[in-house]
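To start, the structure itself, in structure tokens.
FYI, it's all coordinate maths here, none of it is from the lab. All figures in this text were calculated on a predicted structure; none of them were measured in a lab. No Cβ is skipped: glycine too gets one built from the backbone with ideal geometry, and neighbour counts run over all protein chains shown.
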Amino acid sequence: MTQQTRQIVLASRPEAEPGPENFRMEQTTLPAPGPGEVLVRVIWMSLDPYMRGRMSAAKSYVPPIEVGAPMTAGCVAEVIASGDAGLKPGDLVEGRMAWAEHALVPVSEVKRIDPAAAPLAAWLGVLGMPGMTAWTGLNRIAQAKAGETIVVSAATGAVGSLAAQLARRKGMRVIGVAGGPDKCARAVAEYGCHVCLDHRAAPDARALSDQIREAAPDGVDVYFENVGGKTLEAVLPRMNIHGRIAVCGTIAWYSGVDNPPPLPPVWRTILTRRLRIEGFIVFDHYAHTPEFLAEVQPLVAAGEIRWRETIAEGLDNAPAAFMGLLQGKNDGKQLVRIGADPA
Ligand SMILES: NC(=O)c1ccc[n+]([C@@H]2O[C@H](COP(=O)([O-])OP(=O)(O)OC[C@H]3O[C@@H](n4cnc5c(N)ncnc54)[C@H](OP(=O)(O)O)[C@@H]3O)[C@@H](O)[C@H]2O)c1
């Protein structure tokens with residue numbers, strides 16, 4: 001059984017912000033699955049900021065996508081034909097696939113998910129890679145503790161909203177930074193932030209820094225860094241001695257349009273405040289996924305963790321949704337509904 005599918009390939013590399021011209025829809029035919037492969041119908045596709053890095057030729061922790069090759073994403077899909085005794089048609093799986101309506105994937109690269117345990121899309125968000133990232137940054141990298149003050153940037157995003165909630169549950173004072181009054185209100189009402197500051201309303205880093213000083217008069221012990229840019233410049237002077245920064249992402253710089261702060265004062269602050277700054281990539285920590293799920297899955301099941309999803313409908317709308325994500329147009333986990341969700 002062969003399968004016709006549509007897929008989106010990288011048409012060209014963006015110079016700054018990606019545009020529609022960087023993507024191209026193609027039709028292709030997938031062969032029947034061979035031994036150790038499954039043919040799947042994609043249901044949910046996750047759009048994530050790291051994909052911007054993969055569109056560029058610059059060396060990074062994962063190789064770039066070749067021009068002409070399909071874009072890839074974390075997806076939840078239904079098996080429709082199987083070349084492996086362990087998976088049968090109707091099984092639901094999560095794994096890395098092409099931006100496509102159907103995909104042929106090695107069984108070793110997907111894991112089966114239980115539709116009774118949580119909504120299917122949660123395995124791409126709060127219980128998936130972004131959730132694991134929040135838990136890892138907070139616990140394994142920043143070693144955040146009760147009584148400390150934390151700043152979480154992109155505080156209503158997929159990673160930030162869970163980091164904020166877990167920090168609050170630990171007994172920390174949580175200061176969110178997000179874009180716009182609606183997101184800031186939600187960070188406080190839904191994600192456990194004591195206060196949330198609007199980085200888009202602050203005219204410059206100094207103004208945002210003054211607001212952080214007001215919100216955290218005793219200084220900041222932990223910064224969960226998701227954005228870089230103006231927010232990083234604002235938080236750094238507020239860091240306490242022996243403060244920790246978990247460097248998770250720098251989305252403000254992904255398209256090279258936001259200038260970095262000058263290095264000498266940054267370096268001096270790191271020295272004089274004796275900061276510990278550690279970058280991390282979630283996949284280095286996947287061995288700890290059982291600990292993450294043991295903590296977060298029962299909270300999700302009990303309805304004690306809140307999250308939002310921004311859903312684009314259909315593969316055709318994936319590029320626009322991705323461009324919107326890089327501009328903060330998403331509210332929570334950015335997903336694309338590719339096919340009907342049987343759950
Ligand atoms: N290290 C890892 O392994 C790992 C894994 C997953 C994600 N990440 C990183 O974690 C960060 C958050 O990812 P996510 O998936 O949770 O995305 P997200 O927060 O759901 O969406 C991205 C958000 O970033 C904010 N943003 C965009 N441009 C900005 C700018 N110039 N200045 C400040 N904020 C800006 C926007 O929120 P506002 O409207 O609030 O500004 C936007 O909604 C990203 O940097 C991502 O690359 C890292």
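Compute the Cα gyration tensor for region 261-331, then decide on rounded, prolate or oblate, letting a ≥ b ≥ c be the square roots of its eigenvalues: rounded whenever a/c is under 1.5, prolate when a/b is larger than b/c in the other cases, and oblate in all that remain. Walk me through the numbers before you get to the answer.
On the way: a/c = 2.49, a/b = 1.31, b/c = 1.91.
Oblate is the answer for region 261-331, as a/c is 1.5 or above yet b/c matches or exceeds a/b.
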- Sort all Cα-Cα distances of region 1-155 into consecutive 10 angstrom bins from zero, then give the percent of pairs in each bin up to the one containing the longest distance. 10, 32, 32, 19, 6, 1
- Query: Which ³J(HN,Hα) values in Hz, rounded to whole numbers, follow from the phi angles of region 233-250 under the Karplus curve 6.51 cos²θ - 1.76 cosθ + 1.60, where θ = phi - 60° and Gly and Pro get x?
  - Reply: 4, 6, 6, 3, x, 8, 5, 6, 4, 6, x, 10, 10, 8, 8, 9, x, 9
- Could you list, bin by bin from short to long, the percent of Cα-Cα pairs of region 129-282 in 5 Å steps? 2, 11, 21, 26, 23, 13, 4, 0
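Over all distinct Cα pairs, what is the inverse of the mean 1/r for region 9-53, reported as the Kirkwood hydrodynamic radius in Å? Write down the numbers at each step before the final one.
On the way: mean 1/r = 0.0733 Å⁻¹.
Kirkwood hydrodynamic radius for region 9-53: 13.6 Å.
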- Message: With θ taken as phi - 60° and the coefficients 6.51, -1.76 and 1.60, list the Karplus ³J(HN,Hα) couplings across region 129-139 in order, rounded to whole Hz; mark glycine and proline as x.
- Response: 4, x, x, 4, 5, 4, 5, 5, x, 6, 8
- Query: So how do Leu263, Leu124, Leu326 line up by other beta-carbon neighbours within 10 Å, fewest first?
  - Reply: Leu263, Leu326, Leu124
- Task: Return the calculated 222 nm mean residue ellipticity for the chain, to the nearest 500 deg cm²/dmol, obtained by summing -39500 (n - 2.57) across DSSP H runs with n ≥ 4 and dividing by the residue count.
- Result: -7000 deg cm²/dmol
- What is the distance, in nm, between label points placed 7 Å from the Cα along the Cα-to-Cβ direction at Ile241 and at Ala146? 2.6 nm
- So how do Ile311, Ile251 line up by other beta-carbon neighbours within 10 Å, fewest first? Ile311, Ile251
- Subtracting the Cα-Cα distance from 0.36 nm times the residue separation, let me have the gained length for Ala320 to Phe283 in nm, one decimal. 10.6 nm
- Task: Can you tell me the 0 to 90 degree angle between the C-alpha axis of helix 158-170 and the longest principal axis of the chain, rounded to 10?
- Result: 50 degrees
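Give me the dipole magnitude in Debye, nearest 20, for the chain about the Cα centre, with unit charges on the beta carbon: positive for Lys and Arg, negative for Asp and Glu. Kindly include the intermediate steps, with their values, before the conclusion.
Working: 34 positive and 36 negative charges, 188 e Å.
Computed about the Cα centre, the dipole is about 900 debye.
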- Query: In terms of the Cα gyration tensor, with a ≥ b ≥ c the square roots of its eigenvalues, is region 62-145 rounded because a/c is under 1.5, prolate because a/b exceeds b/c, or oblate?
  - Reply: oblate
- Note on the structure: Given the candidates Leu275, Gly176, Gly19, the one whose Cα lies deepest towards the positive end of the charge dipole of the chain, counting +1 at each Lys or Arg C-beta and -1 at each Asp or Glu C-beta, is Leu275
- Query: Considering amide H positions built from the backbone, and no H for Pro or chain starts, which residues 5 or more places from Tyr223, or on another chain, come under 5 Å of its amide H?
  - Reply: Val151, Arg244, Ile245, Ala246
- Task: Compute log10 of I(q)/I(0) for the chain with the Debye formula, placing one identical point scatterer on every Cα and leaving out solvent, at q = 0.07, 0.09, 0.11 Å⁻¹, to two decimals.
- Result: -0.30, -0.49, -0.72
- Query: To the nearest Å, what is the center-to-center distance of region 13-70 and region 149-179, using C-alpha atoms only?
  - Reply: 30 Å
